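Please read the structure below before turning to the comments.
The values are calculated or read from the model by the stated rules, or taken from the named source; none is laboratory data. Values in this document were obtained by computation on a predicted structure and should not be read as measured data. Please note: Cβ atoms are built from the backbone with ideal geometry, for glycine as well, and neighbour counts cover all protein chains shown. The accessibility values were calculated without ligands, DNA or RNA, using every heavy atom of the protein model including side chains. Shrake-Rupley method; radii C 1.70, N 1.55, O 1.52, S 1.80 Å.
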Amino acid sequence: MNKQAEPFLVAAAPQVGSDRAHESAHLHVAGEATYIDDIRELDGTLHAALGLSPVAHGRLVAIDVARLRTEPGIAAVFTAADIPGVNDCGPIVKGDDPILAQGEVHFLGQPVFAVIAADRRVARRVAARAKEFVTIEPLPALLTAREAHAAKAYVVPPMHLARGDARSAIDAAPHRLKDQLSIGGQEQFYLEGQISYAVPLEDDTLLVHCSTQHPTEMQHAVAHALELHANQVQVQCRRMGGGFGGKESQSALFACVAALAAKRLGRPVKLRLDRDDDFMATGRRHGFEFDFEVGYDDAGRVLGVEIDLIANAGFSADLSPPVMTRAICHFDNAYWLPNVSMHGYCARTNTQSNTAFRGFGGPQGAIAIEFILDSIARRLGKDPLDVRRANYYGVTSNYVTPYLQRVEDNILEPLTEQLLATSRYRERRAEIAAFNAGSPVLKRGIAFTPVKFGISFNVNHFNQAGALVHVYTDGSVLVNHGGTEMGQGVNTKVAQVVAHELGIPLSSVRCTATDTQKVANTSATAASTGADLNGKAAQDAARKIRERLDAFAAERGLAGAPFAERVAAAYTARVQLWSDGFYATPGLSWDRATMTGKPFFYFAYGAAVSEVIVDTLTGEHKLLAADLLHDVGTSLNPAIDIGQVEGAYIQGYGWLTMEELVWHPKSGALLTHAPSTYKIPTANDAPSVHLRTALFDAPNPADTIHRSKAVGEPPLLLPFSALLAIRDAVSAVGGHRIDPPLRAPATPEAVLDAVEAVRAAAR
Ligand code: MTE
Ligand code: LUZ
Ligand code: MOS
């Protein structure tokens, strides 16, 4: 507890709803925050490195373990044959995600064996020579989603969701458009790579320090692999240096390998991936290919739309099924689609298994409709903004989604109005047109795009959380909950909730590491639900303590006494000063077969206006300005929420404009496996004129924690406006009469291709 703070006086300030520094900010800036690799190594710690498959697909004939063992400095070698339990670390579909390759290799980069050494560099050097030690008979490989789709190779059966009669509506429509769209994948590029440190403890138990969004699933994966009970495996994570979805399921392989080695050798074993190996071995955001046909009227209203969504799932299912589900449930974005037919294909390719990444398929689904509306507007000679608004969900009618959930909290119109005014959208569009008229090479472009994002896991039972609150006799408070801290500030928000509930200053509350021995059976910190779920659970725990304390204080006439005094007195009177708490999101339903129900507790909204300038000779562009207006309900912590909104905007902007993944077309090697070739945005890529961010002022109508809304993922959809602003600038080359066929990422090459296509069509 901060001894300077006088709890009784400071408690008057609101603990929720105000700007608070991240609970670890002072440690982050001083380099004192402990990440897994900063934990002081125990005596006898060994280091693991993974030997990766040098081919994309093949029969694994042999691993020369004997020769690996004789390499200088190598203490042990493990292969699939050494795994006593199940050689599988997949989260949903069981049996398709080996920890170490067995029988076959499925992608170039797949872990085949682990070498263990006292010196990490020795282990890595030997592992890097993997191809000298493995014999693989190559098999034909499917390297792109389109190829796999043509071969009907899928990781799960196709998914279908239809409402109305899209075909007839398209056929009868005054206008029709049939086209394709290609949207690339994205590497999470967490600053702290995948890492696990496993420590064998007494009586066949293990402690695994793991950088993970999902300690409980790591516990299960390790237990299954090692044939242990869950109560023999403890998984702990104080914080991650970023997760972004990449550590929701895919931290498991590393936890399992470290745990296997630790168990077999009776020594602590650490597995920290080199950045290149992290790229080569783990998956990322799914790239999507779209084939669509749409029928629309003169106002640009979508009358019917058919779309195939083809995701590159990679070699295994991993989280692809719920990612595709979310993509299909976000194709509508902010729009009422009366007749719609969607077909989702999770294409099985011989590449890394793609996984969760901020937005979880939502961004991929929603960008397709935004691209379509943008095309419709250009074909009709209208401002895309007007076409968008003509299609918005209604408040008194046209409010049912294709999956039959009713949109009850629609704030699209007021939010749009506010942003149009603050961003001066219409005036700027006129200014840009005037600029472009006098500028043959440099073209400016602007776009407005809205966001509607459903909050809750689309797997119902994940929507639960637990917490544990301890009040010590000096009045200081310790909180533990099932959420994991990855920089997003869930601990800060949960601590604020507890401080508020107990009427004490935030400085009295501390959050501890997420630990499977404290709160059991937790869900992944994902789907943006961390603060929603764990905030409510912690509030429940704190409320129980407060009620006991209040009753006790009333009885003893201590109601006005400082917290620490009440607590000390309550302790001596044998009042329980700690409590558990639990929360389950009410009212959700989901029928997987029909893809209908109420998958979301509520929707989060937002909108953005982005402006760019494009050099039509080089294809380069500069992001000039972004005006963001985002809905977080009643913010628990506006400073943190604005950070989330801006971070998501820039991260999504990187995805759509510069982060390009290239696999070698023959070998299937990921060529962009390091920051030298894979470019994420830097400070220099932030809008050069202005980045204006505001939070829309309206409480969540749903009964969430203090009427706040989840913020982690929804703003990742805001930079659609940046991509479409580039498209707008390119279309200026052809006097806005031709629809530029722009793919994402809109790299200079992609922009030049689009410019060329527009020029050719305009001739
Ligand atoms: N913010 C930071 N700084 N680091 C992260 O790894 N992950 C994002 C988002 N914001 C992430 C982040 C993702 S993918 C999700 S699902 C949410 O945070 C998870 O945290 P929450 O549910 O507590 O918002
Ligand atoms: N659904 C979802 C999920 O919407 N988001 C997730 O992160 C997720 N993870 C696992 C399973 N379903
Ligand atoms: Mo976030 S993609 O749900 O981890």
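Roughly how many debye, to the nearest 20, is the charge dipole of the range 346-400 about its Cα centre, given +1 on each Lys and Arg Cβ, -1 on each Asp and Glu Cβ, and no other charges?
80
Calculate, in whole percent, how much of the Cα-Cα pair population of the range 46-109 lies beyond 20 Å.
Tail fraction, whole percent: 34.
For the range 74-134, what's the relative contact order in percent, using C-alpha pairs closer than 8 Å and at least 6 residues apart?
Taking the mean separation of contacting Cα pairs over the length of the range 74-134, I get 35 percent.
Which of the peptides 140-149, 683-692 is most tightly packed, and how do the rest follow, going by the mean number of other Cβ atoms within 10 Å of each residue? All intermediate terms of the calculation are to be shown ahead of the outcome.
Working: 140-149: 19.5, 683-692: 13.2.
Ranked from most to least packed, the peptides come out as 140-149, 683-692.
Identify, among GLN539, HIS220, PRO157, the residue whose Cα sits farthest towards the positive end of the charge dipole of the chain, taking +1 on the Cβ of Lys and Arg and -1 on the Cβ of Asp and Glu, with the dipole about the Cα centre.
Of GLN539, HIS220, PRO157, it is PRO157.
Mind putting a number on the dipole of the range 282-341 about its Cα centre? Charges go on the C-beta only, +1 for Lys and Arg and -1 for Asp and Glu, and I need it in Debye to the nearest 20.
400
Fully extended, how many nm does the chain gain between LEU191 and GLU227 (0.36 nm per residue separation, minus their Cα-Cα distance)?
9.7 nm
From the backbone phi of the range 664-676, what are the Karplus-calculated ³J(HN,Hα) couplings (6.51 cos²θ - 1.76 cosθ + 1.60, θ = phi - 60°) in whole Hz, Gly and Pro given as x?
Residue by residue, the range 664-676 yields 4, x, 9, 7, x, 6, 6, 7, 9, 10, 7, x, 5 Hz.
Out of the DSSP beta bridges found with both residues in the chain, what percent are antiparallel (nearest 5)?
Given both bridge residues lie in the chain, the antiparallel proportion sits at roughly 80 percent.
Please state, as a whole number in µm²/s, the translational diffusion coefficient that the Stokes-Einstein equation yields for the range 396-483 at 10 °C and 1.306 mPa s, with Rh defined as the Kirkwood radius across alpha carbon pairs.
Values: Rh = 18.9 Å.
This corresponds to a translational diffusion coefficient of 84 µm²/s.
Of all DSSP beta bridges located in the range 452-572, what percent are antiparallel, nearest 5?
60
When the scattering of the range 373-430 is computed by the Debye formula from its Cα atoms alone, each counted once and equally, what is log10 I(q)/I(0) at q = 0.25, 0.28, 0.30 Å⁻¹?
-1.05, -1.11, -1.15
Please turn the phi angles of the range 169-177 into ³J(HN,Hα) values with the Karplus equation 6.51 cos²θ - 1.76 cosθ + 1.60 (θ = phi - 60°), one per residue in order, whole Hz, x for glycine and proline.
Taking θ as phi minus 60°, the curve returns 5, 5, 4, 8, 6, x, 10, 9, 9 Hz for the range 169-177.
List the residues, sorted by chain then number, that are 5 or more residues from ALA153 or on another chain and whose placed amide H is less than 5 Å from its amide H.
The answer is ARG348.
At a 10 angstrom cut-off on C-beta neighbours, averaged per residue, how do the peptides 498-508, 661-671 rank from highest to lowest?
With the highest mean Cβ count within 10 Å placed first, the list reads 498-508, 661-671.
With the other protein chains left in place, how much accessible area per residue, in square angstrom, belongs to the chain at a 1.4 angstrom probe?
Heavy-atom accessible area per residue stands at 36 Å².
Once the convex hull of the C-alpha atoms of the range 470-535 is built, how many Å³ does it hold per residue, rounded to a whole number?
About 83 Å³ per residue, rounded to a whole number.
Going highest first, how would you order 747-759, 728-740, 71-83 by mean Cβ packing within 10 Å?
Answer by packing, highest mean first, reads 728-740, 747-759, 71-83.
Could you give the distance between the Cα centres of the range 709-755 and the range 626-661, to the whole Å?
Measuring centre to centre over Cα atoms gives 17 Å.
Calculate what fraction, in whole %, of the accessible area of the range 165-277 sits on carbon and sulfur atoms when a 1.4 Å probe is rolled over the protein chains.
Carbon and sulfur together cover 45 percent of it.
What is the percent carbon and sulfur in the accessible area of the range 364-442, measuring with a 1.4 Å probe over the protein chains and ignoring ligands?
On the range 364-442, the fraction of accessible area on carbon and sulfur atoms equals 56 percent.
How large, in percent, is the carbon and sulfur part of the accessible surface of the range 516-588 at a probe radius of 1.4 Å?
Roughly 50 percent, rounded to a whole number.
Assign unit charges at the C-beta atoms only (+1 for Lys and Arg, -1 for Asp and Glu), then state the dipole size of the chain relative to its Cα centre in Debye, rounded to the nearest 20.
Numbers: 71 positive and 83 negative charges, 51 e Å.
Using only the charged Cβ atoms, the result is roughly 240 debye.
Give me the number: length gained by fully extending THR135 to LYS679, i.e. 0.36 nm times residue separation minus the C-alpha to C-alpha distance, one decimal in nm.
Gain in length upon complete extension: 192.4 nm.
For the chain, what does -39500 (n - 2.57) per DSSP helix run (n ≥ 4), summed and divided by total residues, give at 222 nm, in deg cm²/dmol to the nearest 500? Mind showing how you got there, number by number?
On the way: 20 runs with 228 residues, N = 763.
Rounded to the nearest 500, the figure is -9000 deg cm²/dmol.
How big is the range 664-763 along each principal axis, measuring the range of its Cα positions in Å and listing the largest first?
Taking the Cα atoms of the range 664-763, the three principal extents are 56, 41, 27 Å.
Find the relative contact order for the chain and round it to a whole percent, using C-alpha pairs within less than 8 Å whose residues are 6+ positions apart.
The value is 16 percent.
When the scattering of the range 241-354 is computed by the Debye formula from its Cα atoms alone, each counted once and equally, what is log10 I(q)/I(0) at q = 0.09, 0.17, 0.21 Å⁻¹?
Taking Cα atoms of the range 241-354 as identical point scatterers yields -0.39, -0.89, -1.13.
Can you run phi through the Karplus equation (6.51, -1.76, 1.60; θ = phi - 60°) for the range 542-548 and list ³J(HN,Hα) in whole Hz, with x for Gly and Pro?
With the stated coefficients, the range 542-548 comes to 5, 5, 4, 5, 4, 5, 5 Hz.
Positive end of the charge dipole of the range 1-155 (Lys, Arg +1 and Asp, Glu -1 on Cβ, about the Cα centre): tell me which of HIS47, PRO14, ALA127 has its Cα farthest that way.
ALA127
With N residues in the range 491-602, what two-decimal value do you get for its Cα radius of gyration over 2.2 N^0.38 Å?
1.34
Largest first, please: the extent of the C-alpha atoms of the range 692-742 along each principal axis, to the nearest Å.
Principal extents (largest minus smallest coordinate, Cα): 50, 18, 18 Å.
Report the Cα centroid-to-centroid distance between the range 328-391 and the range 47-91 in angstrom, as an integer.
Measuring centre to centre over Cα atoms gives 41 Å.
Mind jotting down a quarter of the surface of the convex hull over the alpha carbons of the range 24-65, in square nanometres, one decimal?
If you wrap the Cα atoms of the range 24-65 in a convex hull and average its projections, you get 6.2 nm².
P(r) for the chain, please, calculated from all Cα pair distances in 10 Å bins and given in %.
3, 14, 23, 24, 19, 11, 5, 1, 0
May I ask for the Rg/Rh ratio of the range 28-148, computed from Cα atoms with Rh as the Kirkwood radius, given to two decimals?
With Rh from the inverse mean 1/r over Cα pairs, Rg/Rh is 1.05.
In nm, to one decimal, how far is the ARG548 label point from the SER589 one, both placed 7 Å along Cα→Cβ?
Reported label-point gap for ARG548 and SER589 is 3.8 nm.
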